[in-house]
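Participant: Below is one structure. I have some questions about it.
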Amino acid sequence: MKNKYLKKKKKDGVEPSFKKPHDPKCFDLSKKIWTDATKETKTKTILKESEAGVEKFDADERALHIKQLKLHSEQLKLHSEQLKLITEYTELELEKAQLVLKAAAEESTHAC
């Protein structure tokens with residue numbers, strides 16, 4: 001029944017013609033029932049699709065943020081390891097300089 005009346009929509013501003021006298025009233029009622037329902041359904045569908053898109057975007061954004069935090073954490077760990085290695089290298093260079101000074105001091109006492 002819905003299709004029967006929806007197919008008779010106005011075309012180029014011309015009212016549809018009807019065979020029976022009660023058909024125009026049925027047509028007007030059908031427009032009120034199905035046109036509003038169709039618009040409401042379309043609106044609800046668009047809203048649901050929009051909400052789903054936003055939820056997917058939020059989920060993607062959260063996942064990206066989590067990845068960024070993990071990468072930042074790894075970067076901090078690597079930086080910490082780098083600082084430890086720099087400290088070890090500096091200690092070795094200090095020890096080397098002390099040995100060179102000690103050798104130079106011993107050489108100067110033997111030379112006298």
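Participant: Working out 0.36 nm times the residue gap between His79 and Asp58, then minus their Cα-Cα distance, what length gain in nm do you get to one decimal?
Facilitator: On the way: separation 21, 0.36 × 21 = 7.56 nm, distance 3.10 nm.
Result for the pair: 4.5 nm of gain on full extension.
Participant: Now for a separate question. Could you give me the ³J(HN,Hα) list for the range 69-79, computed from phi with Karplus coefficients 6.51, -1.76, 1.60 and θ = phi - 60°, whole Hz, x at Gly and Pro?
Facilitator: 5, 5, 5, 5, 4, 4, 4, 5, 4, 5, 5
Participant: Under a Cβ-Cβ cut-off of 15 Å, what is the net charge of the residues other than Ala52 that fall near it, where Lys and Arg count +1 and Asp and Glu count -1?
Facilitator: Net charge around Ala52: -3.
Participant: At a Förster distance of 41 Å, what's the computed FRET efficiency of Lys44 paired with His22, Cβ-Cβ distance as r, to 0.05?
Facilitator: Values: r = 32 Å, r/R0 = 0.78.
It comes out at approximately 0.80.
No lab work stands behind these numbers, since they all come straight from the coordinates. As the structure is a prediction and not an experimental result, all values here were calculated from the model. Cβ sites come from the backbone with ideal geometry, for glycine too, and all protein chains shown count toward neighbours.
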